[in-house]
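Remarks on the structure that follows.
The values are calculated or read from the model by the stated rules, or taken from the named source; none is laboratory data. The structure presented is a predicted model; accordingly, all values stated were derived computationally and were not measured. Positions of Cβ are generated from backbone atoms using ideal geometry, with glycine treated the same way; all protein chains shown enter the neighbour counts. Each accessible area value is taken on the protein alone, full model and side chains, heavy atoms only, with ligands, DNA and RNA left out. Shrake-Rupley method; radii C 1.70, N 1.55, O 1.52, S 1.80 Å.
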Amino acid sequence: MRQITVKKIMEMKGKEKIVMVTAYDYPSALIADKAGIDIIFVGDSLGMVVYGDENTLNVTMDQMLYHTRAVAKAVKRGLVLADMPFMSYEVSIEEGMKNAARLIQAGADAVKIEGGYDHRKLVKRLVRAGIPVMGHTGLTPQRYLRLGGYHITGETEEEIEEIIKDAKALEKAGAFAVVLEFVLSDVAKLVTEEVNIPTIGIGSGPHCDGQVLVWHDLLGVYEHAPPFVKKYADLRSIIQLALENYREEVKEGRFPSGKYYWEFLDKEDFEKKKQRVMEKLLEDELEE
């Protein structure tokens, strides 16, 4: 069992901020784990940042299983959380349970489901079956078509009520935490005070019990990122410059230099071996 467990995450509420970041492959997860990240999240955001889709709706269970296995192999300390992709749990509770179990068998410690009150029965069944669940309310990207795009939530009384209702339903069903995405910070603060499970914010202000960002966004892999993202690095420029330098050195014959290859120290020995090899190859050709 990894050091960071669901129980540990729940105990951090109000005491220690929870740090969560996405990772989609072995090297990224390895680095994130060594950096001390509490929750390493295999998000369906991989559809956009890894596969280049415009949204998360095309992500499949096979993709989630593939990336979860890679991440799980790398993580020794943090809790591995895997997203339930679009339509992997909406059709029926039975199908949702089956797909959640597949993610756990692929190495995840817990699963995340978008939505709250609407999926309370599924969450309850999963928890009873021994599968920890994190919920997700506010902006729910899998429902962006219904929502009319990606925009901040919690501006109306109806939205505030729905967000609180979702969070409380998730807590009652046994979820160990809930993501609040792109929620006005006043509302996120209210929700955090109203539930006894941790809230993980993304674009929802400082009052949540923890924060999550997408790997590619916070590291500046792409030129553009959501407005709530702080870029902690500009890897896009660093990587591009490294590749340009590599291209230039290869084109000009400066790479590889002597430091990066090996040759025979005894040239006479090499010439003898070369002659014998070439003679043998010639004999083989004649025999054919």
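Report the per residue volume, in Å³, of the convex hull enclosing the C-alpha atoms of the chain.
Value for the chain: 214 Å³ per residue.
Round to the nearest 0.05 the FRET efficiency obtained for Arg2 and Glu249 when R0 = 41 Å and r is the Cβ-Cβ distance.
The calculated FRET efficiency here is 0.45.
Rg to Rh for the stretch 103-202: what is it, with Cα atoms only and Rh by Kirkwood?
0.97
Set the Förster radius R0 to 41 Å, insert the Cβ-Cβ distance between Ala129 and Ala242 as r into 1/(1 + (r/R0)^6), and round the FRET efficiency to 0.05.
Efficiency for this residue pair is about 0.30.
Whenever you get a sec, compute what percent of the accessible area on the chain sits on carbon and sulfur atoms (1.4 Å probe).
That fraction is 54 percent.
What nm value, rounded to one decimal, do you get for the distance between Tyr261 and Lys231 when each label is placed 7 Å out toward the C-beta?
Simple spin-label model gives 3.7 nm for this pair.
Calculate the dipole size of the chain relative to its Cα centre from +1 charges on Lys and Arg beta carbons and -1 charges on Asp and Glu beta carbons; express the result in debye to the nearest 20.
Once rounded to the nearest 20, the dipole reads 1320 debye.
Taking a threshold of 25 Å on the Cα-Cα distance, which of the pairs Lys8/Lys76; Lys76/Lys121; Lys34/Lys189; Lys165/Lys230; Lys7/Lys230 fall above it?
The answer is Lys76/Lys121; Lys34/Lys189; Lys165/Lys230; Lys7/Lys230.
Based on Cβ point charges of +1 for Lys and Arg and -1 for Asp and Glu, what charge dipole magnitude is obtained for the stretch 103-176 about its Cα centre, in debye rounded to the nearest 20?
560 debye
What spacing in nm lies between the two simple spin-label points modelled at Lys165 and Lys34, each 7 Å away from Cα in the Cβ direction?
So the two model labels end up 4.8 nm from each other.
Does anyone have the angle between helix 157-173 and the longest principal axis of the chain? Alpha-carbon axes, 0 to 90°, nearest 10?
80 degrees
Kindly write out, for the stretch 238-245 in residue order, the coupling ³J(HN,Hα) from the Karplus curve 6.51 cos²θ - 1.76 cosθ + 1.60 (θ = phi - 60°), rounded to whole Hz, with x marking Gly and Pro.
Those phi angles translate into 5, 5, 4, 5, 4, 5, 5, 5 Hz.
Give the accessible surface of the stretch 59-103 per residue, rounded to a whole number of Å², with probe radius 1.4 Å and ligands, DNA and RNA excluded.
Value for the stretch 59-103: 41 Å² per residue.
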